[in-house]
Amino acid sequence: MSWPNQKETKLKDLKLKGSELSFSVEREIMDSKIAVEYKLTITGDKLKGKGAAEFGGKKQEFDFEGKREKKEK
């Protein structure tokens, strides 16, 4: 997984059961490392679900959507 201004990070605890996909990833923001957990549903070429991370002792959730990139021939 990659973000702007940060090198790619490997996914951890990757699980796929039916159309349910879950994984975690560690993101670096300034000098802090933050574990982010994702729980997504796959529908065709799209992903949709929630991400969650702990900030200041509180778990924060956010919506997440993505789609498969089509490779040019």
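The values are calculated or read from the model by the stated rules, or taken from the named source; none is laboratory data. Treat the numbers as computed from the prediction; the structure is a model and nothing was measured. So basically every Cβ, Gly included, is an ideal-geometry build from the backbone, and we count neighbours across all protein chains shown. Remember, those area values only see protein heavy atoms, side chains included, never the ligands or the DNA or RNA. Shrake-Rupley method; radii C 1.70, N 1.55, O 1.52, S 1.80 Å.
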- Message: Can you tell me, using C-alpha contacts under 8 Å and at least 6 residues apart, the relative contact order of the chain as a whole percent?
- Response: 18 percent
- Query: For the chain, what Kirkwood radius comes out of the mean inverse Cα-Cα distance, in Å?
  - Reply: 13.5 Å
- Karplus ³J(HN,Hα) for the range 41-50 (6.51 cos²θ - 1.76 cosθ + 1.60, θ = phi - 60°; Hz, whole; x = Gly/Pro) runs 10, 9, 10, x, 9, 10, 10, 8, x, 10
- Item | Efficiency of FRET between Glu8 and Lys58 - r from beta-carbon atoms, R0 30 angstrom, step 0.05 | 0.60
- Message: Given R₀ = 22 Å, what would the calculated FRET efficiency be for Lys33 paired with Lys71, taking r from the Cβ atoms and rounding to 0.05?
- Response: 0.10
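Skip the ligands, DNA and RNA, and give the accessible area per residue of the chain with a 1.4 Å probe, whole Å². Write down the numbers at each step before the final one.
Numbers: 6590 Å² over 73 residues.
On a per-residue basis, 90 Å².
Quick one: with all protein chains in place, what share of the accessible area of the chain is carbon or sulfur, to the nearest percent (1.4 Å probe)? Numbers along the way, then the final one.
Numbers: 3200 of 6590 Å².
It is 49 percent, rounded to a whole number.
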- Arrange the peptides 61-72, 14-25 so that the one whose residues have, on average, the most other Cβ atoms within 10 Å appears first. 14-25, 61-72
- Query: Tell me, what is the 1.4 Å probe accessible area of Glu28, in Å² to the nearest 10?
  - Reply: 90 Å²
- Item | Among Lys58, Lys50, Lys39, residue whose mean-square fluctuation peaks in a GNM of the chain (springs only between Cα atoms under 10 Å) | Lys58
